[in-house]
Every structure is written in C-alpha cells, then in structure tokens.
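Below is one structure, written out as structure tokens; comments come after it.
The values are calculated or read from the model by the stated rules, or taken from the named source; none is laboratory data. Just so it is clear, the model here is predicted, and its values are computed rather than measured. As a convention, Cβ positions derive from the backbone with ideal geometry for all residues, glycine included, and neighbour counts pool all protein chains shown.
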Amino acid sequence: MGAGLIGREHAALLRANPRVELVGIADVSEAAQAVADEFGVRFFTDMREMLDQMRPDGAIIALPNALHVEAALACVERMVPCLVEKPIADSLDAAMRLVAAVEEAGVPVLIGHQRRYSPDIAKARQVVRDGTLGRLVAINAMWMTDKPAAYFDAAWRRLPGGGPLLINLIHDIDCLRFICGDIDEVMAFTSNAVRSFEVEDTASVSVRFTGGALGTLLMSDAAVSPFNWDTAAGQALYFPHQPENSYHLAGTKAALSVPCMDLWRHETEAGHWQHPLVRQHITLDGSRAYENQLNHFVDVIEGKAKPLISARDGAMTLATVLAIARAGREGRTVAVSEMLT
Ligand SMILES: NC(=O)c1ccc[n+]([C@@H]2O[C@H](COP(=O)([O-])OP(=O)(O)OC[C@H]3O[C@@H](n4cnc5c(N)ncnc54)[C@H](O)[C@@H]3O)[C@@H](O)[C@H]2O)c1
C-alpha cells in the first residue's frame, strides 16, 4: 500500500525474496500504475478493495504517516498481518487506537523500524546488555544530512505530522530505546531557520534514560554531514555508504562507537584517563537490515516469531518523539509519561 519512495523499495525487496510473492499494489496516484506494471502485479486505487480481492497473507503499508493507522486497521479488521512503516501514526491517539485494535484482535502488526535488524544495532544492544560497557553513563547520537529541495514537493513532508523529527529522528530514538532502554524525560530546541517550513529542520535534544544514563541528539535535514546512520552504516537502500559514526556510547568500563563498531577500553581494570585506551574492532555478520526485516515479517506471518517491534513498542517510540516536539515548542522538560495520559 503506497508505491512511493519506500514503497517501491519494498516491492523490489519482495520480488528478490524467494519466500514471498508480490501480488498487488494499491496507490491513489495513477503514476503508481506504472510501478505495478513494472512488477507485473495487479493495481488498485483503493487499498480496501485490494485486501478484499487479493486476500493476501500480509501487507506492507508505505503510505504518508497520517494514513498508517487507517490502513493498518483495514488489515487488522480482515485479520491480515501487516508491516507498518514508521512512525506507527502521526498522533499518539491514533497510535493507541491501533494498539488497542491489534491487541484485541491478536493480529500481528510489525512497525517498520528496520534499523533494529541491522547487525550493528543488534550488536550494540547486546554489548550494552551483557555489561561490556559497565554501567551506561552517556550517549551521543547524530542524524544530520542535506535533503534536496525536490524531496519537499510532497506536501506532507513539510507539514505537521511530517518533518524530520517524525520521519528521521524517530529511527534514532527507536535505536536508542532498543540499545539503551526507555527514555523518561526530554528537553529540546527546535528550529526551522533554514527551510522556513511549518515543521522543524533542525533540533538539539537532551534525554534522560530510565536506567539513569543521559543522552544528547543533534538532528538536521538541512546540513551537509556524514554523521547520520543511513549513510554511515551502509545499510540504507538509496544512499551512498560513507563510513562514519553516528552514535557514541560511554559506560564505566568501556565506550562503543556505532556503526564503525570500535570498542574502547583500558588494558587493565585499574586503568583511568592517564592510561592509553585499547581499540577493538567488532566484526559483524554482514547481513542487511531491510532484508532481515522482511524475513522477520515472513516469520511473523508464518507464526514462527512475534513482532520484534510491536504496535505498543512503536507507540512508545512515537510518544518519545512527540515529547521532544512538545519540549521544543513549549521550551520545557517533558516527561514521556505526560504524552501517554
Ligand atoms: N523505514 C524507512 O527507511 C523509510 C524510508 C522512507 C519513508 N519511510 C516511511 O514510509 C512512508 C512513506 O514514505 P515515502 O517517502 O515513500 O512517501 P511518498 O510520498 O513517496 O509515497 C507515499 C505513496 O502513498 C500514496 N498514497 C497517498 N494516499 C494514498 C491512499 N489514500 N491510498 C493509497 N495510496 C496513497 C502516494 O500516492 C504515494 O505514492 C512514510 O510513513 C515514511 O515515514 C520509511
């Protein structure tokens, strides 16, 4: 559902995966007919009609943010498991409506935070969880890049409900929640000084994790930089690979940079700032995030796995991002729990 920028990529991933067969594409734009023709599948302008006629085993929802819940509910009503692109919704009310429907119906719904399937993110979570870093103390994350003007031809991307907090930083927030645990409180400055859209183009954010660690995030879609996970990790589908780090995690025993995956620690337990650090490179399995996500979705459809990112989990990531947006708007510290009441 939705054969736009990422929908076409999903179609290509489906075509390449021997475990699945792409059977239909729904999109209101007539231009998407050409995409359906290219993939040799049926085309629908009404997504419900597609679900009713094709009765698929699963659906991928790659529509503008504001339509995610409506489309996911159409799947849940028909007991069709779905992979919903992030964010789960453009508002928490809508997200919680979906969470309630999913939990009541018992239909698996997976939220498309594909970075969790990337080997660097999975490894970082393991390194934090197994205590290699000691007690987690401080985390820094960056997502800065320069989007071209044409990207904003699609109006939803420059209006409330779109914008880089909900489109991009949400991935970093989801990664940090996955690696470091939940976030309790946030503070933020947001700015639209470069593009003058209704939505922000830049943000600086401070967060407090439930586990006690503190974090900072810097985000901009109007600044030239290699400091963003998409180009740094080489896992994105349509960006060049520019090896760099986008996250730095520091604990009482060691530090880890991601995605270059360097682990820094002292040679002995007694080491401190006057002693040199030893750098150990952690090798990864080389698997690909989007492919892994699709295989996981197929496992979910086949009943072999539970969604790695449930609707409720996706709603918590959204609540955290909406807390950041509110903190920027209101110039104050916002507890994520405020968003849930
Ligand atoms: N996980 C990722 O890496 C990733 C990357 C890009 C986008 N996304 C997410 O995917 C979603 C789509 O983003 P995009 O950049 O591909 O957007 P897009 O605007 O390029 O594509 C959206 C498509 O939905 C179609 N559409 C709109 N209303 C419709 C309706 N009622 N019924 C059927 N089709 C309809 C549009 O015609 C368009 O083809 C967004 O939620 C975005 O946040 C995720």
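Assess whether Val99 counts as being modelled with pLDDT of 95 or more, outside the structural domain of Ser246 (by TED's automatic domain parsing) and under 19 Å from the mean Cα position of the chain (by Cα).
Criteria met by Val99.
So which residues in region 152-193 are within 14 Å of Val205 (Cβ to Cβ) and of a type in the set (Phe, Trp, Tyr)?
Phe189
Only one residue in Gly112, Gly106 is under 22 Å from Glu21 (Cα atoms) and either of a type in the set (Gly, Ala, Ser) or near the ligand (Cβ under 9 Å from one of its atoms) (or both). Which one?
Gly112
Residue by residue through region 291-337, note down the ones that are part of a loop (DSSP other than H, G, I, E, B), small (Gly, Ala, Ser) and touching a helix residue (DSSP H, G or I) at 6+ places or on another chain (Cβ under 6 Å).
Within region 291-337, just Ala305 meets the criteria.
Of the residues that sit in region 74-85 and are charged (D, E, K, R) and either part of a helix (DSSP H, G or I) or surrounded by 19 or more Cβ atoms within 10 Å (Cβ to Cβ) (or both), which one is nearest to the ligand (Cβ to nearest atom)?
So the residue we want is Glu85.
Do we have Asp120 as outside any loop (DSSP other than H, G, I, E, B) and over 30 Å from Glu77 (Cα atoms) here?
Judged against the criteria, Asp120 is a match.
Out of Ala188, Ala154, Ala150, I need the residue that is within 12 Å of the ligand (Cβ to nearest atom), more than 19 Å from Ser257 (Cβ to Cβ) and in contact with a Gly (Cβ under 9 Å, 6 or more places away or on another chain). Which one?
Ala154
Scan region 287-341 residue by residue and report those that are among the acidic types (Asp, Glu) and free of Cβ contacts under 8 Å to residues at least 40 places away in the same chain.
Residues satisfying the conditions are Asp299, Glu302, Glu330, Glu338.
Is it the case that Glu70 is within 14 Å of the ligand (Cβ to nearest atom) and farther than 17 Å from Lys86 by Cβ?
Criteria not met by Glu70.
Can you tell me which residue among Arg129, Arg135, Arg125, Arg115 is touching a His at 6+ places or on another chain (Cβ under 6 Å) and within 30 Å of Ile282 (Cα to Cα)?
Result of the check over Arg129, Arg135, Arg125, Arg115: Arg115.
For the list (1) surrounded by 15 or more Cβ atoms within 10 Å (Cβ to Cβ); (2) free of Cβ contacts under 8 Å to residues at least 24 places away in the same chain, I need the number of the one condition that Pro18 fails.
(1)
Can you tell me which of Gly24, Gly40 is within 13 Å of the ligand (Cβ to nearest atom) and more than 23 Å from Trp156 (Cβ to Cβ)?
Gly24
Could you figure out which of (1) surrounded by fewer than 24 Cβ atoms within 10 Å (Cβ to Cβ); (2) not acidic (Asp, Glu); (3) not in a helix (DSSP H, G or I) isn't true of Trp156?
For Trp156, the failing item is (3).
Table: residues versus (1) part of a helix (DSSP H, G or I); (2) crowded, with 22+ Cβ neighbours inside 10 Å.
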site: Val35; (1), (2): yes, no
site: Glu38; (1), (2): yes, no
site: Phe43; (1), (2): no, no
site: Met50; (1), (2): yes, yes
site: Gln53; (1), (2): yes, no
site: Asp57; (1), (2): no, no
site: Ile60; (1), (2): no, yes
site: Val69; (1), (2): yes, yes
site: Ala72; (1), (2): yes, yes
